[in-house]
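A.B. asks: Just dropping this structure here.
The values are calculated or read from the model by the stated rules, or taken from the named source; none is laboratory data. Note that this is a predicted model, so its numbers are computed, not measured. Cβ placement follows ideal geometry from the backbone for every residue including glycine, while neighbour counts extend to all protein chains displayed.
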Amino acid sequence: MNLLPIDFLDPLIAIRRDIHAHPELAFQETRTADLVARELSAYGLEPHRGLAGTGVVGVLRKGNGRRAIGLRADMDALRMPEKNVFAHVSQNPGLMHACGHDGHTAMLLGAARYLAENAERLAFDGTVYFIFQPAEESEGGGKLMVQDGLFRQFPMDAVFGLHNWPHLPVGEMAAMPGPVMAGTCVFEIRLRGQGSHAAMPHQGTDTLVAASHLVLALQTIVSRNIDPCARAVVSVTQIHGGDALNVIPDDVVLRGTMRIFKPEIETQIVAAMRRIGAGIGSAFGVRVDIDFDQRYPVTVNSAPEVEICRAAAAGILGVEKVRRDESPSMAAEDFSYMLLEKPGCYVWLGNGPGSDGHALHNPRYDFNDENLAIGVSYWVKLVETALRPA
């Protein structure tokens, strides 16, 4: 690997672990935003605050070039308890950085510092916007930043993002054109019946039995209604119903998510869910109402920007370590909203053994600090590649 000589790696690790120890939920990233703004100011960059509430944007200009790019990191954590036992474990009960956003924020801060301290000797001409975004985890902070005027206030030609990826070894990256992350829609299904004593179920309509059959029936949509060559997922993730051990409840609520890459597939899934819901309701004598909430669109990389990212990654890792044909992920990303407005590319950075075999959103997940030097080097090389002097 051809990594940069970063002489502030230990302080950067400390920043990453400090963020990990103090996770904050969507739109509540006040402490993290304060830390980011403080660090940017220390590097000589002016932090701009207020977009999407807790968003922060740092600006670095060099030369007379009119080109500009944005580099984005997400800052929020998840509502889940951490089961790690290391020194930088979460100090906020029930909250955790289980997706590596602490590492994303630290890497981008490291890139901002390196670029600011070494601007004169680095080969780039133009403007770099360092975008620290709140609320990626299901709350659409990327969309709100765009609506609040991100690209009007900070006009840029392209925007770039990355995510640590435990399915790839440390020292490898993946960059693919076209769809790379799925679009997502969440749903809520409410079953209404007539509650009864659990010992006398014949006197009511059992919403829990109906809900159980509905969960199983929904699993046939992708396997029996969608073209096997098309990618789709339907997952029920919540079941809420009942308070007492001897009472069959009036109402049961199911919630979950679907993931798709094509609008027509979503249309098929919605129609199938409504049909199955009506059938289950009729069969068990309950009312079934389904509400859908469209969330993130498909994350689609533009081909020219993918080549820029591949060149930058190859410059630090070697061509053979840059994967070009990874399958798209069924996870979703609100960086997609930025890519609806600007060309750009979203890449995956191998997190490897540092995750100890645990996947993203696992209570024992942790960002691999070995990646800090790789991430900083990649961002700096990307700036030099995208803003190469004419």
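A.B. asks: Go through Thr257, Thr207, Thr299 for me and flag whichever is touching a Phe, Trp or Tyr at 6+ places or on another chain (Cβ under 6 Å), in contact (Cβ under 8 Å) with a residue 60 or more places away in the chain and surrounded by 19 or more Cβ atoms within 10 Å (Cβ to Cβ).
C.D. replies: Step by step, each of Thr257, Thr207, Thr299 is checked, and only Thr299 is touching a Phe, Trp or Tyr at 6+ places or on another chain (Cβ under 6 Å), in contact (Cβ under 8 Å) with a residue 60 or more places away in the chain and surrounded by 19 or more Cβ atoms within 10 Å (Cβ to Cβ).
A.B. asks: Quick check, is Arg79 surrounded by fewer than 15 Cβ atoms within 10 Å (Cβ to Cβ), over 20 Å from His163 (Cα atoms) and among the basic types (Lys, Arg)? Lay out the reasoning, then the answer.
C.D. replies: Values: surrounded by fewer than 15 Cβ atoms within 10 Å (Cβ to Cβ): yes; over 20 Å from His163 (Cα atoms): no; among the basic types (Lys, Arg): yes.
In short, no.
A.B. asks: Of everything in region 327-385, what is aliphatic (A, V, I, L, M) and in contact with a Lys or Arg (Cβ under 8 Å, 6 or more places away or on another chain)? Give them in sequence order. Walk me through it before giving the result.
C.D. replies: Of the residues in region 327-385, the ones aliphatic (A, V, I, L, M) are 330-332, 338-340, 347, 349, 359-360, 372-374, 376, 380, 382-383.
Passing the criteria: Met330, Ala331, Ala332, Met338, Leu372.
A.B. asks: How many residues, within region 335-385, are more than 19 Å from the chain's Cα centre (by Cα), farther than 27 Å from Gly183 by Cβ, at pLDDT 95 or above and not charged (D, E, K, R)?
C.D. replies: Of the residues in region 335-385, 7 are more than 19 Å from the chain's Cα centre (by Cα), farther than 27 Å from Gly183 by Cβ, at pLDDT 95 or above and not charged (D, E, K, R).
A.B. asks: Report yes if some residue within region 306-316 is in contact with a Pro (Cβ under 8 Å, 6 or more places away or on another chain) and surrounded by 17 or more Cβ atoms within 10 Å (Cβ to Cβ); otherwise report no. Write out each step before concluding.
C.D. replies: In the first step, residues of region 306-316 are kept if they are in contact with a Pro (Cβ under 8 Å, 6 or more places away or on another chain); the result is 306.
Imposing the further condition that a residue be surrounded by 17 or more Cβ atoms within 10 Å (Cβ to Cβ) reduces the set to 306.
For region 306-316, residues in contact with a Pro (Cβ under 8 Å, 6 or more places away or on another chain) and surrounded by 17 or more Cβ atoms within 10 Å (Cβ to Cβ): present.
A.B. asks: Among (1) assigned by TED's automatic domain parsing to the domain that holds His97; (2) modelled with pLDDT under 95; (3) among the polar types (S, T, N, Q), where does Asn2 come up short?
C.D. replies: Unmet condition: (1).
A.B. asks: What about Ala331, is it among the small types (Gly, Ala, Ser), assigned by TED's automatic domain parsing to the domain that holds Asp157, buried (at least 19 other Cβ atoms within 10 Å of the Cβ) and within 19 Å of His104 (Cβ to Cβ)?
C.D. replies: Here the answer is no, as Ala331 does not meet what is asked.
A.B. asks: Within region 222-242, take every residue that is assigned to a helix (DSSP H, G or I) and not basic (Lys, Arg) and give me the one that is surrounded by the most Cβ atoms within 10 Å (Cβ to Cβ).
C.D. replies: Val222
The rows are residues; the columns are (1) farther than 30 Å from Leu3 by Cβ; (2) assigned by TED's automatic domain parsing to the domain that holds Val319; (3) modelled with pLDDT of 95 or more; (4) not aromatic (Phe, Trp, Tyr).
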site: Gly149; (1), (2), (3), (4): yes, yes, yes, yes
site: Ala175; (1), (2), (3), (4): no, yes, yes, yes
site: Ile189; (1), (2), (3), (4): yes, no, yes, yes
site: Ala230; (1), (2), (3), (4): yes, no, no, yes
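A.B. asks: When you go through Gln153, Gln203, Gln219 one by one, which is the residue that is in contact with a His (Cβ under 8 Å, 6 or more places away or on another chain) and either of a type in the set (Ser, Thr, Tyr) or outside the structural domain of Ala77 (by TED's automatic domain parsing) (or both)? Give the steps one after another, and end with the answer.
C.D. replies: Numbers: Gln153 fails: either of a type in the set (Ser, Thr, Tyr) or outside the structural domain of Ala77 (by TED's automatic domain parsing) (or both); Gln219 fails: in contact with a His (Cβ under 8 Å, 6 or more places away or on another chain).
Result: Gln203 is the single residue among Gln153, Gln203, Gln219 that is in contact with a His (Cβ under 8 Å, 6 or more places away or on another chain) and either of a type in the set (Ser, Thr, Tyr) or outside the structural domain of Ala77 (by TED's automatic domain parsing) (or both).
A.B. asks: Right, another one. Of the residues Leu168, Leu214, which single one is touching a Gly at 6+ places or on another chain (Cβ under 8 Å), under 30 Å from Ala313 (Cβ atoms) and not acidic (Asp, Glu)? Let's see the steps before the verdict.
C.D. replies: Numbers: Leu214 fails: under 30 Å from Ala313 (Cβ atoms).
Result of the check over Leu168, Leu214: Leu168.
A.B. asks: So which residues in region 372-390 are farther than 17 Å from Ala158 by Cα and surrounded by 21 or more Cβ atoms within 10 Å (Cβ to Cβ), if there are any at all?
C.D. replies: Matches in region 372-390: Leu372, Ile374, Gly375, Val376, Ser377.
A.B. asks: Please work out if Ala112 is assigned by TED's automatic domain parsing to the domain that holds Gly149 and either part of a helix (DSSP H, G or I) or on the phi > 0 side of the Ramachandran plot (or both).
C.D. replies: Numbers: assigned by TED's automatic domain parsing to the domain that holds Gly149: yes; either part of a helix (DSSP H, G or I) or on the phi > 0 side of the Ramachandran plot (or both): yes.
The answer is yes for Ala112.
Residues checked against (1) surrounded by 24 or more Cβ atoms within 10 Å (Cβ to Cβ); (2) touching a strand residue (DSSP E or B) at 6+ places or on another chain (Cβ under 8 Å); (3) in a loop (DSSP other than H, G, I, E, B); (4) touching a residue at least 12 places away in the same chain (Cβ under 8 Å):
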site	(1), (2), (3), (4)
Ala123	no, no, yes, yes
Tyr129	no, yes, no, yes
Glu139	no, no, yes, yes
Val146	no, no, no, yes
Val159	yes, yes, no, yes
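A.B. asks: Follow-up question, since we're still on this one. Filter region 337-348 down to the residues that are in contact with a Phe, Trp or Tyr (Cβ under 7 Å, 6 or more places away or on another chain) and either farther than 18 Å from Ile69 by Cβ or surrounded by fewer than 23 Cβ atoms within 10 Å (Cβ to Cβ) (or both) and list them by number.
C.D. replies: Across region 337-348, the qualifying residues are Glu341, Lys342, Trp348.
A.B. asks: Of these, Glu326, Glu341, Glu333, which one is among the acidic types (Asp, Glu) and either free of Cβ contacts under 8 Å to residues at least 60 places away in the same chain or in contact with a helix residue (DSSP H, G or I) (Cβ under 6 Å, 6 or more places away or on another chain) (or both)?
C.D. replies: On the way: Glu326 fails: either free of Cβ contacts under 8 Å to residues at least 60 places away in the same chain or in contact with a helix residue (DSSP H, G or I) (Cβ under 6 Å, 6 or more places away or on another chain) (or both); Glu333 fails: either free of Cβ contacts under 8 Å to residues at least 60 places away in the same chain or in contact with a helix residue (DSSP H, G or I) (Cβ under 6 Å, 6 or more places away or on another chain) (or both).
None of the others qualify; the one that does is Glu341.
A.B. asks: Please count how many residues of region 116-163 are within 17 Å of Tyr346 (Cα to Cα) and among the aromatic types (Phe, Trp, Tyr).
C.D. replies: Number satisfying all stated conditions: 4.
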